[in-house]
Amino acid sequence: MNGYETLARVLLTMGAVLLLLGIIVLLLGKVSLPGRLPGDIVIQRGGCTLFVPLMTSLLLSLLLTLLVNIIVRLLRR
């Protein structure tokens, strides 16, 4: 395999990943995700609002870690 074929495969893979991410972002816009879980911090002062989604971030991190571990274990077989 020469350098152009390798580059073509990398670009096609990156394009496929970007396409999947775009579809996911479109679908997430239509689905309401939990954004006000207990543990999320909301500070409202005057006309300014600060939202720090601590619990949402922890839950999302846990779910993504489990998903990646399952995929890695399946690919090792």
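The values are calculated or read from the model by the stated rules, or taken from the named source; none is laboratory data. Everything quoted here is computed from the prediction, not taken from an experiment. Here Cβ is always computed from backbone atoms with ideal geometry, including for glycine, and neighbour counts include all displayed protein chains.
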Checklist entry - Checking Thr49 against (1) in a strand (DSSP E or B); (2) surrounded by 10 or more Cβ atoms within 10 Å (Cβ to Cβ), which single condition isn't satisfied? => result (2)
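Which residue out of Leu26, Leu33, Leu18 is within 18 Å of the chain's Cα centre (by Cα) and modelled with pLDDT of 90 or more?
Working: Leu26 fails: modelled with pLDDT of 90 or more; Leu33 fails: modelled with pLDDT of 90 or more.
Criteria check complete, one pass: Leu18.
Would you call Ile41 part of a strand (DSSP E or B) and surrounded by 10 or more Cβ atoms within 10 Å (Cβ to Cβ)?
So Ile41 passes the test.
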Checklist outcome for this item: Note: among Leu74, Leu26, Leu63, just one is surrounded by 10 or more Cβ atoms within 10 Å (Cβ to Cβ) and in a helix (DSSP H, G or I), namely Leu63
